[in-house]
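So the structure is just underneath, and the comments pick up after that.
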Amino acid sequence: MISLDNRLKTAFELCRTGLVSADVGTDHARLAAALALERSVKVYASDINEGPLEAARRTIEEYGVKNVELVRSDGLENIPYADDVVICGMGGELIAEIVEKCRFTNENTRFIIQPMTKADHLRKRLYSLGFELLEERTAEHSGKIYTVMLWRFSGVSREISETEALCGKNRNRKYLEGIAQKLIKNAERMSASENCAEQAAKLRENAAAILKMAEEHK
């Protein structure tokens, strides 16, 4: 087994076996190599820049992987098809844009996603586009806690509450407490302005609801 950090290992565990996968923004291609060797029939490993693709080539050669195709691509633009699409380590807004532009999405396509920022925006956008969040798992890496999401296209668009946008299906106590603390800090900064008092109160209200949820999932 190729060594993966906890974020990539969690994404790997959510991928299915024997299908075509795409590792978007592959960087060093360790995840792509692991998927090729232990999960997929074929893996497309893509990046928008040639530098990461060169690092990816070295990884593929090091492990003697035969079923990885390296593709220079802006998101999924040059990926012909994949059953499982993995996007890790990007901002939530960029990930949402990449998923929205996917040409081959159908009800059997799965998107395994690990956002670095703006997870709330990502959840809102994908739900509005008709995607369904199936599962979330927590991954701890370098002292930080990340969430890894599994999505499918259902065709049913819906709006979600602010709490659902912030937390999704992740019920890990540390993850929830981290979100609540960020809301509280933002509320404290806003409290200095009279114009933001109502918004600050709303943030505190959301933080309290999330802390209560965290207590319920000790």
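Among Asp27, Asp74, which is part of a loop (DSSP other than H, G, I, E, B), in contact with a helix residue (DSSP H, G or I) (Cβ under 9 Å, 6 or more places away or on another chain) and at pLDDT 95 or above?
Values: Asp27 fails: at pLDDT 95 or above.
Exactly one residue qualifies, and that residue is Asp74.
Taking Val43 as the residue in question, decide whether it is among the aliphatic types (A, V, I, L, M), under 27 Å from Gly143 (Cα atoms) and modelled with pLDDT of 95 or more. Before the answer, list the steps.
On the way: among the aliphatic types (A, V, I, L, M): yes; under 27 Å from Gly143 (Cα atoms): no; modelled with pLDDT of 95 or more: yes.
When the stated conditions are applied, Val43 does not pass them.
Kindly indicate the residue of the stretch 1-24 that is touching a helix residue (DSSP H, G or I) at 6+ places or on another chain (Cβ under 8 Å) and part of a helix (DSSP H, G or I) and also farthest from Leu94 (Cα to Cα) among those meeting that condition. In this case the residue turns out to be Phe12.
When the stretch 33-54 is examined, which residues are found to be within 17 Å of Asp74 (Cα to Cα), outside any loop (DSSP other than H, G, I, E, B) and either touching a residue at least 12 places away in the same chain (Cβ under 8 Å) or open to solvent by 70 Å² or more (accessible area, probe 1.4 Å) (or both)?
Within the stretch 33-54, the first condition is being within 17 Å of Asp74 (Cα to Cα), and the residues that meet it are 43-54.
Keeping just the survivors that are outside any loop (DSSP other than H, G, I, E, B) gives 43-47, 50-54.
Result: Val43, Tyr44, Ala45, Ser46, Asp47, Glu50, Pro52, Leu53, Glu54.
Mind checking whether some residue in the stretch 58-75 is among the β-branched types (Val, Ile, Thr) and in contact with a Phe, Trp or Tyr (Cβ under 9 Å, 6 or more places away or on another chain)? Checking the stretch 58-75: at least one residue is among the β-branched types (Val, Ile, Thr) and in contact with a Phe, Trp or Tyr (Cβ under 9 Å, 6 or more places away or on another chain). Just one of the listed residues (Arg30, Arg57) is crowded, with 19+ Cβ neighbours inside 10 Å and basic (Lys, Arg), namely Arg30.
The values are calculated or read from the model by the stated rules, or taken from the named source; none is laboratory data. Not measured: the values here are computed from a predicted model. Counting neighbours? That spans all protein chains shown, and the Cβs are built from the backbone with ideal geometry, glycine included. SASA here: full protein model, heavy atoms, side chains in, ligands and nucleic acids out. Shrake-Rupley method; radii C 1.70, N 1.55, O 1.52, S 1.80 Å.
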